[in-house]
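A.B. asks: Structure in structure tokens, see below.
The values are calculated or read from the model by the stated rules, or taken from the named source; none is laboratory data. Predicted model only: the values in this text are computed from it and were never measured. As a convention, Cβ positions derive from the backbone with ideal geometry for all residues, glycine included, and neighbour counts pool all protein chains shown. The accessibility values were calculated without ligands, DNA or RNA, using every heavy atom of the protein model including side chains. Shrake-Rupley method; radii C 1.70, N 1.55, O 1.52, S 1.80 Å.
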Amino acid sequence: MGMNRRQFLRASGAGLAASTIVALGFSPLPAMAETRHYKLAKAKETRNTCPYCSVGCGLLMYSLGDGAKNVTSDIIHIEGDPDHPVNRGTLCPKGAGLLDFIHSPNRLKFPEIREPGTNEWKRVSWDEAMTRLAGLMKADRDANFIPTNAEGQLVNRWTSTGMLCASASSNETGYITHKAMRSMGMLVFDNQARV
């Protein structure tokens, strides 16, 4: 291409002026490609355990909400915890569907009681439910506690009530639950994983 010195200076000056205008933000055309925002960028990460079976897979739950008292956090994403020694980031189909379980309109979020002889459930407070449960357990223990066996040996048994524990609990939670129930004399004690 034949170009003299004057044409070269004109082309260089035009190129410099155009690149300066674009660098200052006066681009004539919008960018055709842009990056998407990462949906978990502002989410709070919480580690948890899957509630379904006895395997106890680790979960990472991501929620949005600033933590203020008048703002309810909303869980937007759940995935397997890659640092968890049990599942190493994988989830079964039930665990992968936990987000639907959490957002289900049929999910029970408060205690309910059905009085004897009725077919309707009524909503109660957590304090009322715990007080009622403790009162019923105490009444049953007082009525059915067996301090000694037929030979007169001290046995301290309570066989009319049982405890079914969650299988996804940690070893520490299981230990404390076991000690609390056994200290009351409860013999019927099992785990959800065997049911």
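A.B. asks: Considering each of LYS122, LYS42 in turn, give the residue that is of a type in the set (D, E, K, R), surrounded by fewer than 12 Cβ atoms within 10 Å (Cβ to Cβ) and within 30 Å of MET181 (Cα to Cα).
C.D. replies: LYS122 is the lone residue from the list that is of a type in the set (D, E, K, R), surrounded by fewer than 12 Cβ atoms within 10 Å (Cβ to Cβ) and within 30 Å of MET181 (Cα to Cα).
A.B. asks: For the range 114-159, how many residues meet the condition of being of a type outside the set (Asp, Glu), outside any loop (DSSP other than H, G, I, E, B) and out of contact with any Lys or Arg (no Cβ under 6 Å at 6 or more places or on another chain)?
C.D. replies: Total meeting the criteria: 25.
A.B. asks: Which condition breaks for ILE176 when tested against (1) in contact (Cβ under 8 Å) with a residue 24 or more places away in the chain; (2) of a type in the set (A, V, I, L, M); (3) part of a helix (DSSP H, G or I)?
C.D. replies: (1)
A.B. asks: While we're looking at this one, here's another question. Only residues in the range 92-103 that are under 11 Å from TYR52 (Cα atoms) and assigned to a helix (DSSP H, G or I) count as the first member; pair them with residues that are modelled with pLDDT under 85 and open to solvent by less than 90 Å² (accessible area, probe 1.4 Å), Cβ under 6 angstrom, at least 6 apart or cross-chain, and list the lot.
C.D. replies: Once the first residue is under 11 Å from TYR52 (Cα atoms) and assigned to a helix (DSSP H, G or I) and sits in the range 92-103, its partners that are modelled with pLDDT under 85 and open to solvent by less than 90 Å² (accessible area, probe 1.4 Å) give LYS94/TYR52; GLY95/CYS50.
A.B. asks: Say we look at the range 179-195 and pick out the residues that are assigned to a helix (DSSP H, G or I) and open to solvent by 70 Å² or more (accessible area, probe 1.4 Å); which of these is modelled with the lowest pLDDT?
C.D. replies: ARG194
A.B. asks: While we're looking at this one, here's another question. I'd like to check something: does the range 65-86 contain any residue that is modelled with pLDDT of 85 or more and either more than 20 Å from GLY97 (Cβ to Cβ) or surrounded by fewer than 10 Cβ atoms within 10 Å (Cβ to Cβ) (or both)?
C.D. replies: For the range 65-86, residues modelled with pLDDT of 85 or more and either more than 20 Å from GLY97 (Cβ to Cβ) or surrounded by fewer than 10 Cβ atoms within 10 Å (Cβ to Cβ) (or both): present.
A.B. asks: Out of everything in the range 87-116 that is closer than 16 Å to ALA43 by Cβ and of a type in the set (A, V, I, L, M), what residue ends up being most open to solvent (accessible area, probe 1.4 Å)?
C.D. replies: Step by step, filter the range 87-116, then rank; the result is LEU99.
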